[in-house]
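Following: one structure in structure tokens, then a few remarks.
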Amino acid sequence: MLLRPRPSLFRAVAPPPLTSARVPSRRTFSASAEAGTASPKDAAPAPAPVPAVTRKNARKAVPPPMGIVKTALFLPPGVERDATVAADMVIPGSNIVVGPYAGDARVKEAEFVKSSARARDCPKDDRPEFAVLGRSNVGKSSLINALTRRKEAALTSKKPGKTQTINHFLVNKSWYLVDLPGYGFAAASQSARMDWSSFTKGYFLNRDTLVGVLLLIDASIPPQKIDLDCANWLGRNNIGLTFVFTKCDKVKKGKGGRPDENIKQFQETISGLYPDPPPWIMTSSVTGLGRDGLLLHMSQLRNYWDNEAV
């Protein structure tokens, strides 16, 4: 089956490798990476312009939740850069503006389809998909279970790094959630750690139906360099991402900071590296925080894909 090329959905840029020196930033989808960091074939074409969004009786913009300002908002497809954004247009606990492509975000059914040992073994159809990625033990399986409201949609384990295959879950018979192997867990075998890069990168670089990546960040601990490095690689290869802060209900003694403090520190770390902010949202699989908002965000990206991809 002929697959549609990946549309450019995100106005985000990739941070260069984490360093104390100030470094230049670049757009994820409108410019190629520096020489030596990514090959020209990895670059995606510049995004096509999207129509302006009009809003009747739009109120004067006010600061959205958590003290972020208009310049820190993620503007989805269909919302012009200079559009007036009212507070009720921002998903709570996030920087994500709700645009004209937002639609029905309900999950009516979800079913496991298959596990693939190689990227080329993944389902071969034109359904859009979102990949769930993060460090081992960041809560990937718990998030998938929360989004689908199935306790065992993705099996959770007390042994981080258990997921070693690409697992596809079909939602509403129309789109996929994809559970990818976690990264950065030292207890995994040496061969598994060495294999993760080629195994998962092959999926990202060759999966034309990939709408975007949900990059999970543990909000209960301070920012980790490995997460910034992962975001850097995704951005330099023109793969759109959303930062999903997990475990926002937890406070770990002795490991530094409350979730809101860790999130603020993470945002400050990336703020100087992103001319346009990437989307981010706070979640908790325990309390349900952010579930509906994340699904709404995914719906507008998915609907743009369905309606505008050619």
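The values are calculated or read from the model by the stated rules, or taken from the named source; none is laboratory data. Not measured: the values here are computed from a predicted model. With ideal geometry, Cβ positions are generated from the backbone for all residues, glycine too; neighbour counts draw on all protein chains shown. SASA here: full protein model, heavy atoms, side chains in, ligands and nucleic acids out. Shrake-Rupley method; radii C 1.70, N 1.55, O 1.52, S 1.80 Å.
General observations
- Counted residues, region 74-107 - those being open to solvent by 10 Å² or more (accessible area, probe 1.4 Å), assigned to a loop (DSSP other than H, G, I, E, B) and among the hydrophobic types (A, V, I, L, M, F, W, C): 6
- Whenever a residue of region 282-310 is surrounded by fewer than 21 Cβ atoms within 10 Å (Cβ to Cβ), its partners that are of a type in the set (Gly, Ala, Ser) and not in a loop (DSSP other than H, G, I, E, B), lying with C-beta atoms within less than 9 angstrom and at least six residues away or across chains, give the pairs VAL286/SER142; VAL286/ALA146; GLY288/ALA146; ARG291/ALA146; GLY293/SER94.
- Residues that are among the aliphatic types (A, V, I, L, M) and modelled with pLDDT under 90 within region 282-310 comprise ALA309, VAL310, listed in sequence order.
- Test result for ASN232, farther than 18 Å from GLY290 by Cβ, modelled with pLDDT under 90, in contact with a Pro (Cβ under 9 Å, 6 or more places away or on another chain) and open to solvent by less than 40 Å² (accessible area, probe 1.4 Å): yes
- Residues in region 92-111 that are over 16 Å from ILE281 (Cβ atoms) and among the aliphatic types (A, V, I, L, M): VAL107, ALA110.
- Pairs, first within 23 Å of LEU180 (Cα to Cα) in region 92-119, second open to solvent by 30 Å² or more (accessible area, probe 1.4 Å) and hydroxyl-bearing (Ser, Thr, Tyr), C-beta under 7 Å, six or more apart: SER115/THR165; SER116/THR165; ALA117/THR165
- Residues satisfying the stated conditions in region 152-173, i.e. surrounded by 15 or more Cβ atoms within 10 Å (Cβ to Cβ) and modelled with pLDDT of 75 or more: GLN164, THR165, ILE166, ASN167, HIS168, PHE169, LEU170, VAL171
- If the condition is being closer than 20 Å to GLY134 by Cβ, at pLDDT below 85 and open to solvent by 60 Å² or more (accessible area, probe 1.4 Å), then region 253-281 contributes only LYS255.
- When residues in region 135-151 are screened for being within 14 Å of LEU177 (Cα to Cα) and open to solvent by less than 30 Å² (accessible area, probe 1.4 Å), 8 of them pass.
- Which listed residue, of TYR183, TYR176, is farther than 22 Å from GLY288 by Cβ, among the aromatic types (Phe, Trp, Tyr), at pLDDT 95 or above and surrounded by 18 or more Cβ atoms within 10 Å (Cβ to Cβ): TYR176
- Filtered by the rule that a residue be at pLDDT below 90 and surrounded by 23 or more Cβ atoms within 10 Å (Cβ to Cβ), region 206-229 gives no residues.
- Selection from region 108-134 of residues that are out of contact with any Leu (no Cβ under 9 Å at 6 or more places or on another chain) and either closer than 26 Å to PHE243 by Cβ or open to solvent by less than 40 Å² (accessible area, probe 1.4 Å) (or both): SER116, CYS122
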